[in-house]
Amino acid sequence: MSAKEGRSFVGSVLIVDDHAVYRYGLALILRDGLGASKVIEAERFEEGLARLDEPDLALAIFDLDMPGLTHPRDLERVRRRRPDVPLVVLSASETREDVLASLAAGAHGYIIKSHAPDAMIGHLQRVLSGEIYVPPLLAELPAAPQHAPAATGQVLSTLSERQRQVLQGLVEGKSNKEIAHDLGLSEGTVKMHIAGLLRQLGATNRTHAAALGKQLLA
């Protein structure tokens with residue numbers, strides 16, 4: 001099924017990228033394939049932050065290589081300003097460091113710019129449905145030393161069955177309340193399990209843990 005045939009309709013989408021031609025093409029894809037009612041454009045990071053206050057904003061898409069953004073961790077400012085809006089990084093970079101740093105900063109997905117339009121729309125739809133999208137190439141990239149413990153099956157073997165169940169819930173984009181309901185636990189217990197998972201996986205937040213969990217549980 002093509003992106004157009006499976007199109008759902010969303011509100012406004014923000015694109016922050018300093019290449020005008022790319023923004024133009026992406027805007028067409030978002031309107032036609034994603035059903036975006038409005039596409040808001042910005043070419044600098046600070047300008048993108050300011051446009052986050054636009055009404056009916058359903059999705060924010062940021063490139064990593066633009067004026068004002070010096071490191072993926074700068075994306076934490078986006079999450080602090082609009083924690084209710086899914087954040088997706090759309091970048092030409094295919095390095096493990098950039099992918100994991102973006103997820104650690106709170107991004108809900110990382111999409112490579114070279115992906116075909118239909119594939120890109122499919123990835124964005126998954127993010128909008130509550131999933132975390134991680135490019136398949138992440139599993140193929142050599143791990144940097146600081147990420148090696150979290151990228152090996154050895155870590156998975158240290159998790160209890162309950163921790164694996166909670167991690168699966170995170171991978172599926174479920175809230176603490178939903179995980180608690182599914183497993184017959186209190187929300188407080190789920191929070192304790194998540195805190196333990198963050199430590200064992202070396203993750204900085206639940207989004208980062210979900211991305212790492214997706215690799216481990218595949």
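Structure above, values below:
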quantity	calculated
Any strands (runs of 3 or more DSSP E) falling wholly within region 54-134 and containing at least 2 residues that are aliphatic (A, V, I, L, M), crowded, with 18+ Cβ neighbours inside 10 Å and in contact with a Gly (Cβ under 8 Å, 6 or more places away or on another chain)	57-62, 87-91
Options 126, 96: the member that is among the basic types (Lys, Arg) and under 22 Å from residue 30 (Cα atoms)	126
Which numbered condition residue 55 fails, given (1) at pLDDT below 95; (2) within 21 Å of residue 122 (Cβ to Cβ)	(2)
Residue match in region 188-207 (condition: within 18 Å of residue 126 (Cα to Cα) and either among the aliphatic types (A, V, I, L, M) or in a helix (DSSP H, G or I) (or both))	yes
Count - residues of region 90-142 that are farther than 20 Å from residue 35 by Cα and of a type in the set (A, V, I, L, M, F, W, C)	15
Any hit, region 102-123, residues being at pLDDT 90 or above and under 15 Å from residue 210 (Cα atoms)	yes
Residue 34 being crowded, with 17+ Cβ neighbours inside 10 Å, hydrophobic (A, V, I, L, M, F, W, C) and at pLDDT below 95	yes
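The values are calculated or read from the model by the stated rules, or taken from the named source; none is laboratory data. As the structure is a prediction and not an experimental result, all values here were calculated from the model. Ideal geometry is used to build each Cβ from the backbone, glycine not excepted, and the neighbour counts take in all protein chains shown.
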